[in-house]
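Working notes for the structure below.
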Amino acid sequence: IAKAWRLSTAEQMAILGLRSRTTLIAWRKGAIGTLSPDTMERLSYVFGIYKALQILLPSSEAADAWIRKPNAGPLFGGRSALDRLRAGRVADLYLVRQYLDAQRGGWG
């Protein structure tokens, strides 16, 4: 997903709530270990956002590009979803996921 969304290392760290670049590098190499409940929650929201976009938009390219496009919806105020996610708060991940699920017509 990070590759599809063209996320920088800093963006990945913010979205996943990581403070250490070393942790992200270790994860990329497959050394994941035990994930905290916070990390699991963040990953769940990221997976849900990705899935919702793939369902809502006509192509994978459009779905992957959406995260960076300005959005006039009240949740975004003309900014992109990525701008919201970069804040690094779990609540922002939740709100973007909720917004997309509402666009789809419900949870799941």
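A few comments on the model shown:
- Once backbone amide H atoms are built at 1.01 Å from N, SER80 has ASN71 as its partners under 5 Å, excluding neighbours fewer than 5 places away on the same chain.
- Using the Karplus relation 6.51 cos²θ - 1.76 cosθ + 1.60 with θ = phi - 60°, the per-residue 3J(HN,Hα) values for the range 61-71 come to 4, 5, 5, 6, 6, 3, 4, 9, 7, x, 10 Hz, with x marking Gly and Pro.
- Listed residue (ILE55, ALA65, THR9) projecting farthest to the positive dipole end of the chain, Cβ model: THR9
- In terms of Cα atoms, the Rg and Dmax of the range 1-88 work out to 13.6, 40 Å.
- A straight line joining the Cα centroids of the range 1-35 and the range 63-107 runs 20 Å.
- Within the same chain, lysines fewer than 8 places from LYS29 are excluded, and of the rest, those with a Cα less than 22 Å from its Cα are LYS3.
- Portion, in percent, of the accessible area of the chain that falls on carbon or sulfur, probe 1.4 Å: 56
- DSSP H segments from the chain that extend 15 Å or more along their own axis, Cα-based, with Kyte-Doolittle mean of -1.0 or above: 37-56, 90-104
- Charge tally in the Cβ shell below 15 Å around THR22, where Lys, Arg are +1 and Asp, Glu are -1, THR22 excluded: +4
- For the range 30-73, trypsin sites (Lys or Arg not before Pro) meeting the loop criterion (DSSP other than H, G, I, E, B) and having at most 14 other Cβ atoms within 10 Å: ARG68.
- Extension gain, GLN54 to ALA102: 0.36 nm times the residue separation minus the Cα-Cα distance gives 15.8 nm.
- For the range 29-95, the solvent-accessible area with a 1.4 angstrom probe is 56 square angstrom per residue.
- Each Lys and Arg contributes +1 and each Asp and Glu -1, all at the Cβ; summed about the Cα centre of the range 23-108, the dipole is approximately 160 debye.
The values are calculated or read from the model by the stated rules, or taken from the named source; none is laboratory data. This is a predicted model, so every value here is computed, not measured. Because the Cβ atoms are built from the backbone with ideal geometry, glycine has one as well, and the counts that use them run over all protein chains shown. Only protein heavy atoms, including side chains, enter the accessible area calculation; ligands, DNA and RNA are left aside. Shrake-Rupley method; radii C 1.70, N 1.55, O 1.52, S 1.80 Å.
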